[in-house]
Amino acid sequence: MTQAIQPRTMAVIENIYLSINFSVKKEFFYSGISVKKVLDFNACKQFFLPAMYADNIKTCKEEIFLRDSSIQCIHGIKMYPYGYAVKDKFRIFFANSIGDNYPVYVIVDAVFLHLNNVFDVLKDVQDTFFKILRYYMEFETVESLDLKLSRIDIANHNNFINLDSYIGPDEYNSRVVTRLRCVRPFVILNGEKSQEVSYFRYGSGNIIVRFYNKVREICEQRYKSFFFKRWLQYGLIDQHTFDVYDMIYRFDGDYRVNFIYANICKSIVGLIPVDVQKIYFSQKYTNSEKYDLLMDQVKKYNVKLVTEIVNVEYECHAPFLKLLHLKNKKDENINMSSIYDILMYSDILYRYLTDDVFRVVSRKSKAKRKRDKKVDKQWQLIQNSKILNIYNVNIDNIQLNKIKEYQTSMDKYNTLGQLLKRACHLKYVDSQKFNKDLVKNITFEDLLKSVEKNYYSVGAMNENYFNLQDKLYKQLKYYGEK
């Protein structure tokens with residue numbers, strides 16, 4: 001039932017987690033005499049942590065941005081209580097003191113990595129880190145700066161792996177060559193008899209290999225919709241598949257039911273059959289019943305279900321990377337403690353991961369031992385992929401603008417959906433009487449009237465929280481003028 005498409009892969013560095021240590025040179029005056037001292041984190045934290053703490057407290061009540069910047073103060077995480085974020089780029093967290101770990105922790109967002117060179121990303125992280133530091137304290141120069149990689153995820157998006165059949169439930173051992181000794185599959189039951197594997201992973205701790213349905217993740221989590229446009233531009237999917245994904249993303253509810261319905265809608269020329277719509281929008285059927293009934297419609301109208309993009313992802317933590325002994329093409333040792341060496345030679349690391357750490361072997365191979373069997377032909381496509389965002393990402397300005405425009409349109413869609421849900425809840429809370437008969441007559445204008453009425457009554461009690469101009473001004477600070 002799957003549409004035949006050209007097998008393709010897209011390898012990318014998907015996530016980066018890193019930490020920063022630093023020292024600065026600061027000028028002090030003693031009896032009118034200038035003395036310059038080099039201060040590490042513990043020595044200079046007295047100059048900025050109190051102000052960071054104060055801003056952190058303020059974030060409980062309102063949104064806080066550093067002056068004249070798009071850097072927002074956010075809540076911290078464990079061991080790093082003071083946080084800062086640049087939307088769709090990264091988050092930077094500061095600790096209270098330095099110990100075994102570096103005092104600054106950084107999480108880079110996937111969207112920023114996918115659409116940019118990784119070395120440009122690191123430069124942006126450093127520049128933003130300096131902006132935050134200079135905002136809170138004065139110093140002359142940065143004396144030292146050390147970036148340490150905590151975790152890197154290298155992923156391969158592909159259009160040919162079927163999670164149910166590529167590695168079957170009885171092949172989790174026989175089909176792969178790996179030292180990872182535990183497997184955790186996640187199985188979803190569909191309808192009365194059908195089932196599907198949407199996710200499985202090998203290993204735990206410092207090295208993990210994941211296989212999962214990337215389309216399902218995006219639609220259920222309602223984020224990273226830019227992938228759809230990126231896959232279309234790169235050739236992983238065609239326009240028809242993109243249209244199906246786009247339609248699924250716009251629906252609430254069960255992913256698999258939405259997937260089948262969207263396939264039917266985008267495959268039938270003209271009006272959608274009434275019987276299909278009745279099934280999908282019916283309130284009397286459960287999702288399990290809808291699945292079976294819609295699958296009958298798939299067979300009736302001979303609909304070919306589109307391919308779902310699968311992600312094969314290697315999650316690598318620093319302790320694992322430091323144990324590796326890899327060489328570059330000049331037969332020189334790669335410094336696996338250096339974030340720059342790891343990124344520069346990530347193609348070599350990727351080849352090692354897809355061959356020595358975990359590889360899939362051919363079912364037809366006659367070798368007696370697994371390790372001697374031929375590599376599966378489809379797995380060879382994954383192994384031979386080049387990581388796109390090491391040097392460039394092959395996106396020109398026109399393509400990049402289209403991706404951003406699509407992401408913006410989907411952000412609008414999500415925001416409007418959330419707004420309507422909240423407005424409907426407000427209408428329900430605001431109404432003394434609410435039943436099925438009344439619901440039929442409620443219009444969008446009625447929702448707006450309810451919002452307006454409560455803004456001037458409830459909102460008047462808290463001018464700061466409901467200050468429109470203040471909230472709109474924060475949009476300017478967050479996103480910039482246009």
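The values are calculated or read from the model by the stated rules, or taken from the named source; none is laboratory data. Keep in mind the model is a prediction, meaning the values are calculated, not measured. The area values use the complete protein model at the heavy-atom level, side chains included, leaving out ligands, DNA and RNA. Shrake-Rupley method; radii C 1.70, N 1.55, O 1.52, S 1.80 Å.
Given Cα pairs under 8 Å that are at least 6 residues apart, what percent is the relative contact order of the chain?
Result for the chain is 20 percent.
Using only the heavy atoms of the protein chains and a 1.4 Å probe, how would Ser288, Ser23 rank by accessible area, largest first?
Numbers: Ser288 45, Ser23 15 Å².
So, going from the largest accessible area down, we get Ser288, Ser23.
How many times 2.2 N^0.38 Å is the alpha carbon radius of gyration of the range 66-184? If you can, show how the numbers build up before the last one.
Values: Rg = 19.9 Å, N = 119, 2.2 N^0.38 = 13.5 Å.
Working it through for the range 66-184, the quotient is 1.47.
Among the lysines, select those whose C-alpha is under 24 Å from the C-alpha of Lys37, and discard any that sit fewer than 8 residues away in the same chain.
Within reach: Lys25, Lys26, Lys45, Lys131.
Could you please tell me the mean projected area of the C-alpha convex hull for the chain, averaged over all directions and given in square nanometres to one decimal? Mind showing how you got there, number by number?
Values: hull surface 123.8 nm².
Spelled out: convex hull of the Cα atoms, projected over all directions, averaged, 30.9 nm².
Where does the chain land at 222 nm, in deg cm²/dmol rounded to the nearest 500, when only DSSP H runs of n ≥ 4 count, each adding -39500 (n - 2.57), divided by all residues? Don't skip to the answer; put the middle values down first.
Values: 17 runs with 194 residues, N = 482.
Here the helix-only value at 222 nm equals -12500 deg cm²/dmol.
So what are the range 58-105's ellipsoid semi-axes, whole angstrom, largest first, if each one is the square root of 5 times an eigenvalue of the alpha-carbon gyration tensor?
Working: eigenvalues 86, 30, 15 Å².
Working from the Cα gyration tensor, I get semi-axes of 21, 12, 9 Å.
Can you bin every Cα-Cα distance in the range 125-217 into 5 Å intervals starting at zero and give me the percent of pairs per bin, rounded to whole numbers?
In order of increasing distance, the bins hold 2, 9, 16, 15, 12, 8, 6, 7, 7, 7, 5, 3, 1, 0 percent.
From the C-alpha gyration tensor of the range 255-299, pull out the three semi-axes of the equivalent ellipsoid (sqrt of 5λ each), sorted largest to smallest, in whole Å. Please report the intermediate quantities before stating the final value.
On the way: eigenvalues 54, 25, 15 Å².
They are 16, 11, 9 Å, listed from largest to smallest.
Greater than 30 Å separation of Cα atoms is the criterion. Which listed pairs, Lys61/Lys453; Lys36/Lys89; Lys266/Lys412, meet it?
Check vs 30 Å cut-off fails for Lys36/Lys89.
How much accessible area per residue does the chain have, in Å², with a 1.4 Å probe? Before the final figure, lay out the partial values.
Numbers: 26670 Å² over 482 residues.
The answer is 55 Å² per residue.
How big is the C-alpha Rg of the range 217-278 next to the rule-of-thumb value 2.2 N^0.38 Å, as a ratio?
Numbers: Rg = 12.3 Å, N = 62, 2.2 N^0.38 = 10.6 Å.
In units of the globular-protein estimate, the range 217-278 measures up at 1.16.
In vacuo Debye scattering of the range 359-457, one point per C-alpha: log10 I(q)/I(0) at q = 0.11, 0.14, 0.16, 0.24 Å⁻¹?
Debye curve over Cα of the range 359-457, log10 I(q)/I(0) at q = 0.11, 0.14, 0.16, 0.24 Å⁻¹: -0.66, -0.75, -0.85, -1.17.
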